[in-house]
1. Please report the carbon-and-sulfur percent of the accessible area for segment 1-110; probe 1.4 Å, protein heavy atoms only, DNA, RNA and ligands left out.
2. Taking chymotrypsin sites (Phe, Trp or Tyr not before Pro) as exposed when DSSP calls them loop (any state but H, G, I, E, B) and at most 12 other Cβ atoms lie within 10 Å, what is the longest stretch of the chain free of them, the sites themselves excluded?
3. Can you pull a Stokes-Einstein diffusion coefficient for segment 1-78 at 10 °C (1.306 mPa s), Rh from Kirkwood over Cα pairs, as a whole number of µm²/s?
4. When N counts the residues of segment 54-165, how does its alpha-carbon radius of gyration compare numerically with 2.2 N^0.38 Å, as a ratio?
5. Of ILE165, TYR101, VAL126, whose Cα points farthest to the positive end of the dipole of segment 97-165 (charges on the beta-carbon: +1 Lys, Arg; -1 Asp, Glu; origin at the Cα centre)?
6. What is the gain in length, in nm to one decimal, between ASP44 and GLU28 on full extension, counting 0.36 nm per residue of separation less the C-alpha to C-alpha distance?
7. Give a quick list of GluC sites (Glu not before Pro) in segment 47-155 that DSSP marks as loop, anything other than H, G, I, E or B, with at most 12 other Cβ atoms within 10 Å.
8. Which of these, MET118, MET106, MET57, has the largest mean-square fluctuation under a Gaussian network model of the chain (Cα springs below 10 Å)?
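The values are calculated or read from the model by the stated rules, or taken from the named source; none is laboratory data. Owing to the predicted nature of the structure, the values given are computational and were not obtained by experimental measurement. Positions of Cβ are backbone-derived with ideal geometry, glycine not excepted, and every protein chain shown enters the neighbour counts. Surface accessibility is based on the protein's heavy atoms, side chains included, excluding ligands, DNA and RNA. Shrake-Rupley method; radii C 1.70, N 1.55, O 1.52, S 1.80 Å.
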Amino acid sequence: MNQAWIALGSNIAPRETYLQQAIQTLSEHEEIKLKQISTVYETDPVGYEDQDQFLNMVAEVETNLDPLELLHICQDIEQDLGRKRIIRWGPRTVDLDILLYSNENMNVEELILPHPRMHERAFVLVPLAEIAAELPLKGKSVQEWLDALPTRDVQGVRVWGSLNI
Ligand code: GSY
């Protein structure tokens, strides 16, 4: 079995429902075992800032699917939940990004592992540290990367609540 961590985010209403449905679909897949989910956080938009606040969370799964098979399932969930990307870094119904897949290092057109920007994003590191603080990532632990972020970035990530799974 491989362990994978997936970041989820939504900033189009109903945000919680999109996250809930994405997690539900992952958990019902016969090749995926949902192990843990983080708290849901409300987060200030990063990158393109003139958009609504996100709800973000992280899930840990176990699977025998290979990384690209898992990616395609995540993309199917995004499609099914109606993601429309009109602005490149703009609003989205739900986004599922594979952060880590066991100790896999991979760089193909479709997928880079570990996720190339995860170590600099508070909206990823705060929920990930909640469920996997000691996980190794690019020579440090997740918690060490989080501790190295500017306070301002971390303040942009606030506990919102929990999903009823
Ligand atoms: O792939 C991440 C999408 N995204 C987000 C996000 O999920 N949360 C926050 N807070 N900002 C973001 N900017 C982008 S792009």
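1. Working: 2370 of 5670 Å².
Carbon and sulfur: 42 percent of the exposed surface of segment 1-110.
2. Numbers: sites that count: TYR48, TRP89.
In the chain, the maximal stretch lacking such sites is 90-165.
3. Working: Rh = 13.2 Å.
It diffuses with D of about 120 µm²/s by this estimate.
4. Working: Rg = 14.6 Å, N = 112, 2.2 N^0.38 = 13.2 Å.
Ratio of Rg to 2.2 N^0.38 Å for segment 54-165: 1.10.
5. Checking the options against the dipole of segment 97-165, the answer is VAL126.
6. Values: separation 16, 0.36 × 16 = 5.76 nm, distance 3.05 nm.
Length gained, ASP44 through GLU28: 2.7 nm.
7. Numbers: sites: GLU49, GLU60, GLU62, GLU69, GLU78, GLU104, GLU109, GLU110, GLU120, GLU130, GLU134, GLU144; in loops: GLU49, GLU104, GLU109, GLU110, GLU134.
The qualifying sites are GLU49, GLU109, GLU110, GLU134.
8. The residue that fluctuates most here is MET106.
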